[in-house]
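The values are calculated or read from the model by the stated rules, or taken from the named source; none is laboratory data. Note that this is a predicted model, so its numbers are computed, not measured. For neighbour counting, all protein chains shown are included, and Cβ atoms are generated from backbone atoms with ideal geometry for every residue, glycine included. With ligands, DNA and RNA removed, areas are computed over all heavy atoms of the protein, side chains included. Shrake-Rupley method; radii C 1.70, N 1.55, O 1.52, S 1.80 Å.
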Amino acid sequence: MSANTAVPSLDKVYSEHVNPQWVRLLNLLQMNERYERCAGTELFTAGGSRILDFLSGYCVHNAGHNHPAIVSAIKEELDRGGPGMLQSHVPELAAQLAERLSARAGGRLRRAVFCSSGSEGVEAAIKFARAYTGRVGMLYAEGAFHGLTCGALSLMSDAFWRDGFGPMLPQTEAVPFGSVEALESRLATKKFAAFIVEPIQGEAGIQVPDPDYLRAAQNLCRRYGSLFVLDEVQTGMYRTGPFLAAHRYGLDPDMVILAKALSGGLIPVGAVLSTEAVSDAVFSSLKRSIVHASTYGENSLAMRAGLATLDVLEQEGLGPRSEALGNEFRRKLASALAPYEMVKEVRGAGMLSGIEFAPPRQLRLRVMFEAFRRIHPAMFGQALVMRLFRDKRILTQMCGNNFMVLKAAPPLVVSEAQLDEYIAALRDIVQLAHTSTEFWGEAMGLARRAVKI
Ligand SMILES: Cc1ncc(COP(=O)(O)O)c(C=O)c1O
């Protein structure tokens, strides 16, 4: 175990000028480290410790941290001294990246609009769906995570994110993820411009739908004149195996939102891929040629990073690799965790996996679990995350909208040995949770402190 490498003076400045609560939370979880270097799947701290990254900045680092080819493409672009962004010319790199993305996405997704984040992409998708259909309403799935700007937040049902920020956009409604009937009953009102959905829900707990659900949803959208929009901010860029999770299910969406891993985790980026018809409804005349844009959207560094990232992901075959290794990883993980009653399920696709925990049945464990849950419902998961980090030097997190599901989403370059390391580490921590009163004692202390601060 290595010493914590946080720098008190830096913490103080950050607390004073950025967000003091974030520093307190990291300290509480004993996760406040100072990182010096990150490469591939590994993070190196100032204290000389090596941490395995099984979070990837929430699916940003698909190509691995600081991939040398992406770093040098960005450096070259800077050295070239070309137009970073002018808002007055036809940007060559944006054209190239849009062409590559539309070729990869396939189907009718022939146009791209660039922006700088996933939330911004969702905002654009809301506007485009309204422009195309002339309708106002937006349907989304319960448990969804679409981003924290006002429009995107209006498409998230979890009160934790929304409280204090209302009112939200009008005519936004949630339907249960996976229910074709509920979706049809709302779409049939013909009030909704679009149904937006993550093809595999990430923060809701790595929810992999029934293979027919999304195709049925797409058909219903067509029948009732709503657009079918996929938020692939986490699932895209080969995270689940194919370029888009849409390809797993043979879908032909009207829009797809990408962000996060698109620029190799180095430059903010986002893209909304759409059909020509949707794009033409927005940019419908000369006068409306600039009706939707974003200053940094097509900046040359992000575009160049995007092109280099696609090269890396494709040349290294990281999609098929993550599909094959991911299946093997889940099989081994499920078998290693099978003896433990609190492990309910291991699921996922490609390198996006979730381990769902359930309350224990054994009386002795149940008493501790319930006492603990009463103090702070989210803290059981955080105790696991903290232990994995502190004792095993593995960075993970629970899903943002489901505190009983631990996420495992390493960079797609993760090695088999690193996957095995994770399995052994998690098994040890889960074993501890099932056998050690010290685990629960410490977790209880954590929960009590979390309530106090
Ligand atoms: C599925 C999904 N959509 C949208 C977003 C928002 O992206 P950003 O944080 O880049 O705005 C996220 C962020 O985690 C996400 O997971």
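Scan segment 287-392 for trypsin sites (Lys or Arg not before Pro) in coil per DSSP, keeping those whose Cβ has at most 10 other Cβ atoms within 10 Å, and list them by number.
Lys287, Arg361
Starting from the Cα gyration tensor of the chain, take the square roots of the eigenvalues, sort them a ≥ b ≥ c, and report rounded, prolate or oblate (rounded when a/c is under 1.5, otherwise prolate if a/b is larger than b/c, else oblate).
It comes out prolate by the Cα gyration axes.
Return the percentage of antiparallel bridges among DSSP beta bridges fully within segment 68-315, rounded to the nearest 5 %.
Beta bridges within segment 68-315, antiparallel portion: roughly 40 percent.
Through the Karplus equation 6.51 cos²θ - 1.76 cosθ + 1.60, θ set to phi - 60°, convert the phi angles of segment 44-58 into ³J(HN,Hα) values in whole Hz; use x for Gly and Pro.
My calculation for segment 44-58 gives 10, 9, 4, x, x, 8, 10, 10, 8, 9, 10, 10, 6, x, 6 Hz in order.
What net charge do the residues around Glu123 carry, taking every other residue with its C-beta under 14 Å from that of Glu123, with Lys and Arg at +1 and Asp and Glu at -1?
0
In the chain, what % of DSSP beta bridges are antiparallel (nearest 5)?
65 percent
Mind checking the dipole of the chain: about its Cα centre, +1 per Lys or Arg Cβ, -1 per Asp or Glu Cβ, Debye to the nearest 20?
820 debye
Using θ = phi - 60° and the Karplus relation 6.51 cos²θ - 1.76 cosθ + 1.60, list the HN-Hα couplings for segment 178-186 in order, rounded to whole Hz, with x at every Gly or Pro.
x, 9, 5, 4, 4, 5, 4, 5, 7
Might you tell me the accessible area per residue for the chain, computed with a 1.4 Å probe and given in Å²?
41 Å²
Computing the accessible area with a 1.4 Å probe over protein heavy atoms, can you report the carbon and sulfur percentage for segment 68-315?
So the carbon and sulfur contribution to the accessible surface is 54 percent.
Where the only charges are on Cβ atoms (+1 Lys, Arg; -1 Asp, Glu), what is the dipole of segment 307-408 about its Cα centre, to the nearest 20 debye?
For this selection, approximately 680 debye.
State whether segment 347-436 is rounded, prolate or oblate according to the following rule on the C-alpha gyration tensor (a ≥ b ≥ c being the square roots of its eigenvalues): a/c under 1.5 gives rounded; otherwise a/b larger than b/c gives prolate, and the remaining case gives oblate.
It comes out prolate by the Cα gyration axes.
So, in Å, what gap is there between the alpha-carbon centers of segment 49-109 and segment 207-233?
If you average the Cα positions of each part, the centres end up 28 Å apart.
Which distance in Å, rounded to a whole number, links the C-alpha centroids of segment 291-366 and segment 394-453?
16 Å
Hey, if you put +1 on the Cβ of every Lys and Arg and -1 on every Asp and Glu Cβ in segment 68-315, which of Ile126, Leu258, Ser72 ends up farthest toward the positive end of that dipole?
Ile126
Keeping all protein chains in position, work out how much accessible area Arg111 exposes to a 1.4 Å probe, and write it in Å² to the nearest 10.
Around 80 Å² of this residue is reachable by solvent.
Starting from the Cα gyration tensor of segment 68-315, take the square roots of the eigenvalues, sort them a ≥ b ≥ c, and report rounded, prolate or oblate (rounded when a/c is under 1.5, otherwise prolate if a/b is larger than b/c, else oblate).
Prolate shape, in that a/c is at least 1.5 and a/b is the bigger ratio.
In the structure displayed, which of Lys12/Lys344; Lys75/Lys392; Lys75/Lys287; Lys127/Lys260; Lys260/Lys332 lie more than 32 Å apart, Cα to Cα?
Lys12/Lys344; Lys75/Lys392; Lys75/Lys287
With the dipole of the chain worked out from charges on the C-beta (+1 for Lys and Arg, -1 for Asp and Glu) around the Cα centre, which of Gly381, Leu307, Pro91 lies farthest toward the positive end?
Value computed over the given set: Gly381.
Using +1 at the C-beta of Lys and Arg and -1 at the C-beta of Asp and Glu, which of Ser353, Pro170, His17 has the Cα lying farthest in the positive direction of the dipole of the chain?
Pro170
Determine the calculated [θ] at 222 nm for the chain from helices alone, applying -39500 (n - 2.57) to every DSSP H run no shorter than 4 residues and normalising by the residue count; nearest 500 deg cm²/dmol.
Calculated at 222 nm, the ellipticity per residue is -13500 deg cm²/dmol.
Under a point-charge model restricted to the Cβ atoms of Lys and Arg (+1) and Asp and Glu (-1), what is the dipole moment magnitude of segment 68-315 relative to its Cα centre, in debye to the nearest 20?
Dipole of segment 68-315, to the nearest 20 debye: 640 debye.
In square angstrom, rounded to the nearest 10, how much accessible surface does Val208 have for a 1.4 Å probe?
Ignoring ligands and nucleic acids, Val208 comes out at about 60 Å².
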